[in-house]
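**Student:** Structure provided below as structure tokens; questions to follow.
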Amino acid sequence: MGKEKIKKLFLVGFGILFGLLTFIQDASAMYTGQALVDRAKAYLGISYKKGQPPEKSDGYGWVFTEWDRKSIDCSGLVDVAADLRRHYGCQYHLMGPLSTSIKWEDLEAGDLIIKYDHVRIFMEWEAKDTTKPVEKWKPKVIEATPLTVTDKKTYVISDLQNAGYTPRRLKPDEIKPTITVKGIKDGEVYNKPATVTFEATDNVYTRPI
């Protein structure tokens with residue numbers, strides 16, 4: 001096979017790969033705000049089970065695997081409502097990079113109220129009296145409790161603070177990944193097989209692909 005033909009085939013193949021990666025990124029845009037709340041409500045009433053939905057490694061990272069949608073845990077509710085690719089737990093090293101810290105008074109629909117072992121989704125204010133300290137305001141949430149998914153819970157901010165909760169907002173997934181190709185140079189023609197590596201960087205992580 002001629003050198004020029006090999007080069008053209010590589011360019012076509014890379015174009016298909018890049019198009020596929022871009023398509024996957026576009027298709028997996030994260031849901032935030034009221035859209036996240038609305039999606040979470042689809043799971044109202046299902047039972048609680050730790051570790052649901054399950055995930056598995058696909059060789060490049062962790063992804064959701066088959067799930068019967070009959071049970072879910074607190075972080076799993078956030079993950080499926082936001083349409084994330086895997087089960088990110090409540091621990092900071094997992095869900096932390098996906099979100100940013102905000103003030104209690106700035107809570108909006110779809111924001112998270114989180115601590116190391118539990119997460120709740122803010123829906124609206126049950127009581128927000130601006131003449132009183134923020135600590136006395138009452139956010140209404142949707143969450144997976146030890147029994148079921150419910151949207152009937154209301155808490156006082158001071159109680160949440162004392163229990164170790166903090167408010168966070170999911171980062172909008174509006175940045176297409178930057179794909180870096182290593183091992184070849186643009187315009188070069190290669191007589192022998194070359195080792196090519198790809199790395200994708202988005203607004204959350206940098207990872208090989």
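**Student:** Within region 120-135, does at least one residue satisfy the condition of being under 23 Å from A42 (Cα atoms) and part of a helix (DSSP H, G or I)?
**Tutor:** no
**Student:** R168 fails exactly one of the following numbered conditions: (1) surrounded by 14 or more Cβ atoms within 10 Å (Cβ to Cβ); (2) in a loop (DSSP other than H, G, I, E, B). What is the number of that condition?
**Tutor:** Unmet for R168, out of (1) surrounded by 14 or more Cβ atoms within 10 Å (Cβ to Cβ); (2) in a loop (DSSP other than H, G, I, E, B): (2).
**Student:** Which condition from (1) under 25 Å from G33 (Cα atoms); (2) surrounded by 11 or more Cβ atoms within 10 Å (Cβ to Cβ); (3) over 21 Å from the mean Cα position of the chain (by Cα) is the one that T130 breaks?
**Tutor:** The single condition T130 does not satisfy is (2).
**Student:** Additional query: In region 135-146, how many are over 20 Å from D79 (Cβ atoms) and loosely packed, with under 14 Cβ neighbours inside 10 Å?
**Tutor:** Matching residues across region 135-146 total 2.
**Student:** Also: Considering every residue within region 134-148, establish whether at least one is on the phi > 0 side of the Ramachandran plot and in the same structural domain as Y165 (by TED's automatic domain parsing).
**Tutor:** Looking for residues that are on the phi > 0 side of the Ramachandran plot and in the same structural domain as Y165 (by TED's automatic domain parsing), one finds none in region 134-148, hence no.
**Student:** Name the single residue, out of those in region 171-187 being of a type in the set (D, E) and under 25 Å from L98 (Cα atoms), that is surrounded by the most Cβ atoms within 10 Å (Cβ to Cβ).
**Tutor:** D173
**Student:** Quickly run through region 101-132 and pick out the residues that are out of contact with any Gly (no Cβ under 9 Å at 6 or more places or on another chain) and among the aromatic types (F, W, Y).
**Tutor:** If the condition is that a residue be out of contact with any Gly (no Cβ under 9 Å at 6 or more places or on another chain) and among the aromatic types (F, W, Y), then W104, W125 are the ones that fit.
**Student:** For Y31, indicate whether it is modelled with pLDDT of 70 or more and of a type in the set (F, W, Y).
**Tutor:** yes
**Student:** Separate question: Scan region 114-126 and give yes if some residue there is assigned by TED's automatic domain parsing to the domain that holds S47, loosely packed, with under 13 Cβ neighbours inside 10 Å and not aromatic (F, W, Y), otherwise no.
**Tutor:** yes
**Student:** Next question, about the same structure. Inspect region 79-99 for any residue being surrounded by fewer than 18 Cβ atoms within 10 Å (Cβ to Cβ), within 29 Å of K128 (Cβ to Cβ) and aromatic (F, W, Y) and give the result as yes or no.
**Tutor:** yes
The values are calculated or read from the model by the stated rules, or taken from the named source; none is laboratory data. Because the structure is a prediction, the values reported are computed rather than measured. Glycine also receives a Cβ, built like all others from the backbone with ideal geometry; neighbour counts cover every protein chain displayed.
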